[in-house]
Structure formats: C-alpha cells, structure tokens
1. Counting just the residues of segment 41-67 that are of a type in the set (Gly, Ala, Ser), at pLDDT 75 or above and surrounded by fewer than 16 Cβ atoms within 10 Å (Cβ to Cβ), which one comes out farthest from the chain's Cα centre (by Cα)?
2. Only residues in segment 14-27 that are open to solvent by less than 80 Å² (accessible area, probe 1.4 Å) count as the first member; pair them with residues that are modelled with pLDDT under 50 and assigned to a strand (DSSP E or B), Cβ under 7 angstrom, at least 6 apart or cross-chain, and list the lot.
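The values are calculated or read from the model by the stated rules, or taken from the named source; none is laboratory data. A quick note: this is a predicted structure, and the numbers were derived from the prediction, not measured. Note that we place each Cβ from the backbone using ideal geometry, even for glycine, and neighbour counts take in every protein chain shown. For accessibility, only protein heavy atoms count, side chains too; no ligands or nucleic acids. Shrake-Rupley method; radii C 1.70, N 1.55, O 1.52, S 1.80 Å.
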Amino acid sequence: MKKLTILLIISMLISWNAVAEEKVWYCAPEAHIGLHYEEGSGYSESTFSNVKRVIVKQNGSHLSMPNTFGTRLYKKKECKTVFTTSIIACYSDGNNFLLNPDTGYATSSQILGWTFGANYKDSMVVIAWKCESF
C-alpha cells in the first residue's frame, strides 16, 4: 500500500509539471503584406484581408501550431529554440513562424509561390504578429 501511495504521488507531480509548463499565446496580426497570384495577370501586392488571430501553445521550447494558420493551411509542427536566444521557430514546407517569448513579437511568412515556378501559382505572405499570454 505504501508503494502504491508513493507511486501515485510521484505520478501526480510529474503530470502537474507537464500541465504547468504549457503557455497559450494569443497572436493578432499587426501588419501583413504579400504578393497575390492571379491567372493571366501574375503577381500583385496585397494585404490579405483574411489574416485572422491565431492561438499558439508553448510547451518549453516547442510550439504547437493550429491546423489553420495565417492565410492558409499549416501543419501542426513542433518548434525549437534557435539563434542561441529565446526565439522559438517553426519551419515547414516554405512556411515559418518565429516567436520571441520575452517580447511577444512574432513573424511568419509563406514564401514558396515564386520558387516553384509556373506550375505552382501560390501567394507569398509576410505577417508581423503581436502575441499575448494571460
């Protein structure tokens, strides 16, 4: 019985630490601009009115991104600390998200449209985010 009690206490402490580390960031777009592709006329500057607020979960040096991110589908991706600072970055298929947890400033971009050439006509976007955690 004593071993069971000790095991229960240890498992509760471990699960409490796992829950306590998670931080939720509410990120709103401060500014965004990009190049939108239209068949027949090519690329033109755009502000992409469909950029919405996003919720990002931080667990230590990892971020969990939502399925819908910024202006297009974004895979859930675990991120890691980069640049030997506290900046956490996520990279996936030409999309990236960088968050500075000290300031709450973040940036993201989607940049492969032009690179893939004529058969891959995708818009390119850069977004500056202001993130807050409560």
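1. Residues of segment 41-67 of a type in the set (Gly, Ala, Ser): 41-42, 44, 46, 49, 60-61, 64.
Next, from what is left, pick out any that are at pLDDT 75 or above: 41-42, 44, 46, 60-61, 64.
The next check asks that each one be surrounded by fewer than 16 Cβ atoms within 10 Å (Cβ to Cβ); those that pass are 41-42, 44, 60-61.
Working: 41: 31, 42: 28, 44: 26, 60: 14, 61: 12 Å.
Within segment 41-67, the match that is farthest from the chain's Cα centre (by Cα) is 41.
2. Hits for this filter: zero, empty list.
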